[in-house]
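*Asks:* Got a structure for you, written out below as structure tokens; questions coming shortly.
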Amino acid sequence: MDFLKGNLLNMQKREIYLDNSATTKISDAALQKYIDVSKNIYGNPSSLHLMGYEAEKELKNARSVILDSLGAKDDTLVFTSCGSESNNLAIIGRALSKERYRKNGKIITTLGEHASVYSPIFKLREMGFNIAQIPTKGGQIDFDALSKELNEDVILVSMMMVNNETGALYDLKAVKELMTKKTKDAVLHADATQSYMKVKFTKASLGADMITVSSHKIEGPKGVGALIIDKNIIKQKGISALILGGGQEGGLRSGTENVPGIAAFGIAVRERISTLDRDIAHMESLRSYLIEKLNTPPVLSEISVTNPQMHAPHILNITLPGIKSETMLHHLSSLGIYVSSGSACSSNSHSHMSDALVAYGRSASEQDSSIRVSFSPQNTKEDVDMLTKGLISGLTRLKRKR
């Protein structure tokens, strides 16, 4: 016990941040860019004078970097305030783009999507659109169910590429191939918030017509997101603006752009591209190391691991033996170890209309006892060691209190 107590005291000397799917710490280079642009390039990018031109150039540079990173340089990128806004623009903007879609338009998504996908879709259902949700048991899309739902009424299929709670990696390329065979007007929107700069892909390899990405998930600042839209959707006017006004962002998202945040987003992308292969391998090694540690009896082996066959390298969801996730979170937090009990965007909501763990196959009680560990390239094996020590102390102490 003295050994354990000594290790717990050591834990309190440093913070161990393992909630990177909620948000990442901004990198030094991105922060410096944000400060420099805020201080020195403060003009409105729509202004016609030199200061406006300099601000517009920052937007152009960041736009080019992000589009190039996805092999989509000929497509349109709309800067938004976050991934949630990008998802809403893709879903509602697509649904309302043509009058004929409002009569019998059908939208398909999966069970277990992020709230920023299922909430606008359910709002469209209230407006008369037809909605279908495809099962994702075991972290895999049910392609038989998808095939049955696809028909000529489908205008949009919106799915996440990586599930933000289970880490399941969905085969969206196969989804697009099936769509091409069975639909005419349908476009594929990929919420790539949890996969961008975590999994290697391009717009072509993914097969998506619209892609959502977010700055603060990749060590950029909060308050910036983007929606990449295929050039053919733009030509066909297949998406409508949700925010109207001065016509910024090609008329698809009015309002003065967040130039410092966007410029810093571009820097974060540049940084992550340069080390992407190494970062992916490092995060995957940490995930595997944690799974290995969790197989250690007697205490840790009581924890159940959610481990999809196809998964992202940075997310691992674990289920505790009869202990509420919130209780364990408080225990770990007291030791300076930060994990989560699921999506940060749903933590303030008591109504989970679409739960990823239940969709995966976990029971309601298991869902209430699960925590998510999510890595960044900055995490180390020592962080995993400290986490497992914290879990051991928590399980030992909290089980006695039951």
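The values are calculated or read from the model by the stated rules, or taken from the named source; none is laboratory data. These figures come from a predicted structure and were not determined experimentally. Positions of Cβ are backbone-derived with ideal geometry, glycine not excepted, and every protein chain shown enters the neighbour counts.
*Asks:* Output the residue which, of all residues in the range 156-180 that are in a helix (DSSP H, G or I) and in contact with a Gly (Cβ under 8 Å, 6 or more places away or on another chain), is surrounded by the most Cβ atoms within 10 Å (Cβ to Cβ).
*Replies:* Checking each candidate, the answer is L172.
*Asks:* Whether any residue in the range 52-71 is part of a loop (DSSP other than H, G, I, E, B), modelled with pLDDT of 95 or more and surrounded by fewer than 17 Cβ atoms within 10 Å (Cβ to Cβ) is what I want to check.
*Replies:* Scanning the range 52-71 turns up at least one residue that is part of a loop (DSSP other than H, G, I, E, B), modelled with pLDDT of 95 or more and surrounded by fewer than 17 Cβ atoms within 10 Å (Cβ to Cβ).
*Asks:* For the range 95-116, give me each residue that is part of a helix (DSSP H, G or I) and under 14 Å from D153 (Cβ atoms).
*Replies:* Hits for the range 95-116 are A95, Y101, R102, K103, N104.
*Asks:* With the checklist (1) surrounded by fewer than 17 Cβ atoms within 10 Å (Cβ to Cβ); (2) over 30 Å from I318 (Cα atoms) in hand, flag the one item E15 doesn't pass.
*Replies:* (2)
*Asks:* Select from the range 203-220 the residues that are of a type in the set (A, V, I, L, M, F, W, C) and not in a strand (DSSP E or B) and write down the one among them that is surrounded by the most Cβ atoms within 10 Å (Cβ to Cβ).
*Replies:* Once the filter is applied, the top-ranked residue is A208.
*Asks:* To continue, here is another question. For the range 164-189, what are the residues that are farther than 22 Å from L316 by Cβ and of a type in the set (G, A, S)?
*Replies:* A174, A186
*Asks:* Please go through the range 125-153 and give me each residue that is surrounded by 22 or more Cβ atoms within 10 Å (Cβ to Cβ) and either modelled with pLDDT under 95 or part of a helix (DSSP H, G or I) (or both), ordered by number.
*Replies:* Result: G139, single match.
*Asks:* For M159, state whether it is in contact with a Ser or Thr (Cβ under 7 Å, 6 or more places away or on another chain) and in contact (Cβ under 8 Å) with a residue 24 or more places away in the chain.
*Replies:* yes
*Asks:* Go through the residues of the range 197-220 one by one and say whether even a single one is more than 19 Å from the chain's Cα centre (by Cα), modelled with pLDDT of 95 or more and in the same structural domain as A132 (by TED's automatic domain parsing).
*Replies:* Checking the range 197-220: at least one residue is more than 19 Å from the chain's Cα centre (by Cα), modelled with pLDDT of 95 or more and in the same structural domain as A132 (by TED's automatic domain parsing).
*Asks:* Limited to the range 72-94, what total is found for residues that are aliphatic (A, V, I, L, M), out of contact with any Ser or Thr (no Cβ under 7 Å at 6 or more places or on another chain) and not in a loop (DSSP other than H, G, I, E, B)?
*Replies:* Looking only at that region, the number is 3.
*Asks:* Can I ask one more? Six or more apart or on different chains, Cβ atoms under 7 Å: show the pairs whose first residue is in the range 320-338 and surrounded by fewer than 21 Cβ atoms within 10 Å (Cβ to Cβ) and whose second is part of a helix (DSSP H, G or I) and not small (G, A, S).
*Replies:* Close Cβ pairs (under 7 Å, with a partner that is part of a helix (DSSP H, G or I) and not small (G, A, S)) amount to P321/E302; T327/L398; H331/L398; G336/M11.
*Asks:* Still on this structure, please answer the following. Could you list all residues from the range 83-115 that are charged (D, E, K, R), within 22 Å of the chain's Cα centre (by Cα) and surrounded by fewer than 24 Cβ atoms within 10 Å (Cβ to Cβ)?
*Replies:* E85
*Asks:* With (1) at pLDDT 95 or above; (2) surrounded by fewer than 13 Cβ atoms within 10 Å (Cβ to Cβ); (3) touching a helix residue (DSSP H, G or I) at 6+ places or on another chain (Cβ under 9 Å) as the list, and T296 as the residue in question, which single condition is left unmet?
*Replies:* T296 satisfies every listed condition except (1).
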